[in-house]
Amino acid sequence: MTRLAIIGTGYVGLTTGVCFAHLGHDVVCADIDAQKVAKLSRGEVPIVEHRLDELLAEGLRKGNLRFVVGAAAAVADAEIVFLCVPTPQGDDGSADLSY
């Protein structure tokens, strides 16, 4: 299957990564928060979403879902990269792309 990197493990990134792993893809999810990565690697889900905890556990058990600190390790072997991080807004409502 396809090797995917998911950058950011908030609501969008985590659910996206877990669902792609459930579909059989090899998924590496990256975040800058080492504590969050450690908790996810232990199967601890920080958000409420129906069956997300079950599907995350399935991916960890099958070995096709991993969590790492930092984007470099995630994208090294990825065929496709999903960027799932917040985009802050400027005072005028425009996207601040300097983030």
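The values are calculated or read from the model by the stated rules, or taken from the named source; none is laboratory data. Just so we're clear, the structure is a prediction, and the values are computed from it rather than from any experiment. Positions of Cβ are generated from backbone atoms using ideal geometry, with glycine treated the same way; all protein chains shown enter the neighbour counts.
Looking only at the range 27-68, how many residues end up being of a type in the set (A, V, I, L, M), more than 23 Å from MET1 (Cα to Cα) and either in contact (Cβ under 8 Å) with a residue 40 or more places away in the chain or not in a helix (DSSP H, G or I) (or both)?
In the first step, residues of the range 27-68 are kept if they are of a type in the set (A, V, I, L, M); the result is 27-28, 30, 32, 34, 37-38, 40, 45, 47-48, 52, 55-57, 60, 65, 68.
Pick out the ones that are also more than 23 Å from MET1 (Cα to Cα) and you get 32, 34, 37-38, 45, 47-48.
Now restrict to residues that are either in contact (Cβ under 8 Å) with a residue 40 or more places away in the chain or not in a helix (DSSP H, G or I) (or both): 32, 45, 47-48.
Count: 4.
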* To do: With the condition kept exactly as written, say whether any residue in the range 72-93 is farther than 15 Å from THR9 by Cβ and either part of a helix (DSSP H, G or I) or among the aromatic types (Phe, Trp, Tyr) (or both).
  => yes
* To do: Filter the range 40-99 down to residues that are out of contact with any strand residue (DSSP E or B) (no Cβ under 9 Å at 6 or more places or on another chain) and of a type in the set (Asp, Glu) and give me whichever is modelled with the lowest pLDDT.
  => ASP91
* Asked: Of (1) surrounded by fewer than 17 Cβ atoms within 10 Å (Cβ to Cβ); (2) touching a Leu at 6+ places or on another chain (Cβ under 6 Å), PHE20 satisfies all except one. Which?
  -> (1)
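Condition check: surrounded by 17 or more Cβ atoms within 10 Å (Cβ to Cβ) and closer than 12 Å to LEU14 by Cα. Does ASP31 satisfy that? I'd like the intermediate steps shown before the answer.
Working: surrounded by 17 or more Cβ atoms within 10 Å (Cβ to Cβ): yes; closer than 12 Å to LEU14 by Cα: yes.
Yes; evaluated as a whole, the condition is true for this residue.
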